[in-house]
Amino acid sequence: MANSAVTMDKLVALCKARGIIFAGSEIYGGMGNTWDYGPVGVEIKNNIKRAWWKRFVYENDNSFGLDAAILMNSRVWEASGHTTSFSDPKMDCKSCKTRHRADNLIEAHSKGSVNPDTMSNEEMENYIREHRVKCPVCGNFDWTNIRTFNLMFETSRGVTDESQNKIYLRPETAQGEFVNFLNVQRTTRAKVPFGIAQIGKAFRNEITPGNFIFRTIEFEQMEHQFFCKAGTDEMYYREYKEKAMQFLLDLGFAPEHLRFHDHDKLAHYARAACDIQYLYPMGWQELNGIHNRTDFDLTRHQEYSGKSLTYVDPVSGERYIPYVIEYSIGADRLMLAVLSEAYEEETLEGGDVRSVLHFHPAIAAYKAAVLPLQKNLAPQAKELLAKLKKRFAVIYDEAGSIGKRYRRQDEIGTPFCITVDFDTLENGTVTVRDRDTMEQIRLHADEVAAFLAEKCVF
Ligand code: ATP
């Protein structure tokens, strides 16, 4: 794995050229910070979600999936505290009229040596004034005071204007898991400790979106809420920190590109919180969060809904509201990390440079490309393609020289190229080229499916 060559511009250009990610609503001039996943990108993102689901639902003891509605009763967001406190400290530059987050300004100005998480709004204003922190867009020092800005998108529900009610696009998926805690527990007969996992869209009216798909206003979260008894929470918090890190290492991230970042300032309900940061092209940034949320969420929903969310232990009869360990990772943010970790510009013997995405075969859009050496071998190649398609996402390409076709597959990270050549007609064998080593082996065409199955498992 290498990410030293990658810049954000190179990634954006590659993603556009190869059908991975396009700017949203492009033909209308775009719609700021929205992105559309193309034919290759949707496969990669689905594979990322599948790998996560496999690890945190199927392979995780006592863990269950959920797909809750995006639109929820507005009382949910009152109970969770989002209507009153889901906000960022924003400042406007009076000269160029751009909007900024005060905490980000301080972090950038101090090059990370000052942690704004521990500061009040007043302290942040003082810091910015004392250090004459300038607007990163126009270079002037002409700020408004800090105002807080709620990040939830509002919409309304109702058939007539009079009956319209304000509702919100969910800013996180977690509340769906909390409000369904007892539904899942009863229907699965799960005993605490157990987990509920969900993958779904979330929406935030971010003040400073940007850095490609790193911070967008519409994104997907993969969240796992683990319900446990008070007293065991610290142990499970540590366990989920390790599980979250191990998942990334197993995807192929270099350990030196990942680090834990413990939070100094905790939300009032949290007992502990940390991020895993990744060394993105723009520097170290949060990739995922792990939080010990105590019994705050279930207690609040019990209070606001008037419905009991108390768990009754079937053996001891003990009644309690469980604590929650939350592990939350953005699918898009992980995709950006996966792409930047996998990208390499490799200088080959003879001086040619190839761009290649070295990601885990399970993440690749296509597990293999089937290539007839010449067009007249197409019938044999298509016969193999049809067999492989029953089990894998595979692609066919007969256009251009074989070298060019290999390069195209390298650029989208296809781990294996299967070439049908004249020996195939003689003895039924094909060549299998490895994306990373570029070495080739010969296999019988009937062995290819088993080979791919073994190589592509996550
Ligand atoms: P940040 O500090 O970067 O705004 P956060 O601490 O608000 O993130 P959480 O609310 O903990 O993030 O959300 C969990 C995860 O969801 C994050 O770790 C990130 O992977 C993802 N995420 C959050 N906001 C966005 C966004 N605007 N765009 C893309 N992914 C996001």
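Remarks
- A simple rule links phi to the HN-Hα coupling: the Karplus curve 6.51 cos²θ - 1.76 cosθ + 1.60 with θ = phi - 60°, which for the range 445-457 gives 3, 6, 8, 5, 4, 5, 4, 5, 4, 5, 6, 9, 6 Hz, with x for Gly and Pro.
- Projecting the Cα positions of Ile128, Asn150, Cys93 onto the charge dipole of the range 87-150 (unit charges on Cβ atoms of Lys, Arg, Asp and Glu, taken about the Cα centre) puts Cys93 furthest along the positive direction.
- Over the chain: helical MRE at 222 nm, DSSP H runs n ≥ 4 each giving -39500 (n - 2.57), nearest 500: -9500 deg cm²/dmol
- Nonlocal amide H pairs with Val420, under 5 Å, H built at 1.01 Å: Leu371, Leu373
- The phi torsions of the range 380-389, fed into the Karplus equation with coefficients 6.51, -1.76 and 1.60 and a -60° offset, translate into couplings of 5, 5, 5, 5, 5, 4, 4, 5, 5, 4 Hz, rounded to whole numbers, with Gly and Pro shown as x.
- About the Cα centre, charge dipole magnitude for the range 366-455 (Lys/Arg +1, Asp/Glu -1 at Cβ), debye: 380
- Distances between every pair of Cα atoms in the range 1-131, grouped in 10 Å steps from 0 to the bin holding the largest one, split as 9, 19, 25, 36, 11, 1 percent.
- Here the mean projected area of the convex hull built on the C-alpha positions of the range 87-150 is 3.9 nm².
- Contact order normalised by residue count of the range 366-455, Cα under 8 Å, 6+ apart, percent: 29
- In sequence order, the range 178-192 has phi-based couplings of 5, 6, 9, 3, 6, 4, 5, 4, 5, 6, 9, 6, 5, 9, 5 Hz under the Karplus curve 6.51 cos²θ - 1.76 cosθ + 1.60, θ = phi - 60°, and Gly or Pro positions carry x.
- Within the chain, the cysteines lacking any other cysteine Cβ closer than 4.7 Å to their own Cβ are Cys15, Cys228, Cys274, Cys417, Cys456.
- Debye-sum result for the range 4-47 in log10 I(q)/I(0), which assumes one identical scatterer on each alpha carbon, at q = 0.25, 0.33 Å⁻¹: -0.91, -1.09
- Take the Cα of Thr7, step 7 Å toward its Cβ, do the same at Ala453, and the gap between the two points is 4.6 nm.
- On the principal axes of its alpha carbon atoms, the range 128-191 extends 59, 43, 17 Å, with the longest extent given first.
- Each DSSP beta bridge with both residues in the range 320-401 is either parallel or antiparallel, and the antiparallel ones are about 60%.
- Equivalent-ellipsoid semi-axes of the range 122-270, from the Cα gyration tensor, Å, largest first: 34, 27, 17
- Built from the Cα atoms of the chain, the convex hull projects on average onto 27.7 nm², one quarter of its surface area.
- Amide H partners (placed H, <5 Å) of Phe153, local residues excluded: Leu169, Asn205
- Packing-based ranking, highest mean first, of 315-325, 436-446 given that Cβ atoms within 10 Å are counted: 315-325, 436-446
- Hydrodynamic radius of the range 366-455 per Kirkwood, over alpha carbon pairs, in Å: 12.7
- Cα-centre dipole for the range 21-102 with unit charges at Cβ (Lys and Arg positive, Asp and Glu negative), debye to 20: 320
- Computed from the C-beta positions of Ala108 and His444 and an R0 of 60 Å, the FRET efficiency is 0.55 to the nearest 0.05.
- For the chain, carbon and sulfur atoms together expose 48% of the accessible surface, with a 1.4 angstrom probe and every protein chain in place.
- Secondary structure note: in the range 352-458, about 55% of the DSSP beta bridges are antiparallel.
- Net length available on complete extension from Ala254 to Ser305 is 13.8 nm, with 0.36 nm assigned per residue and the Cα-Cα distance removed.
- Positive-pole candidate from Phe141, Tyr320, Leu251, dipole of the chain, charges at beta carbon: Tyr320
- When both the range 130-183 and the range 1-62 are represented by their alpha-carbon centers, they are found 25 Å apart.
- Dipole magnitude of the chain about its Cα centre (Cβ charges: Lys, Arg +1; Asp, Glu -1), debye to nearest 20: 840
- Accessible surface computed residue by residue for the chain, with neighbouring protein chains in place and a 1.4 Å probe, gives 47 Å² per residue.
The values are calculated or read from the model by the stated rules, or taken from the named source; none is laboratory data. Quantities reported herein were computed from a predicted structural model and do not represent experimental measurements. Note that we place each Cβ from the backbone using ideal geometry, even for glycine, and neighbour counts take in every protein chain shown. Please note that ligands, DNA and RNA were not included when accessible areas were found on the heavy atoms of the full protein model with its side chains. Shrake-Rupley method; radii C 1.70, N 1.55, O 1.52, S 1.80 Å.
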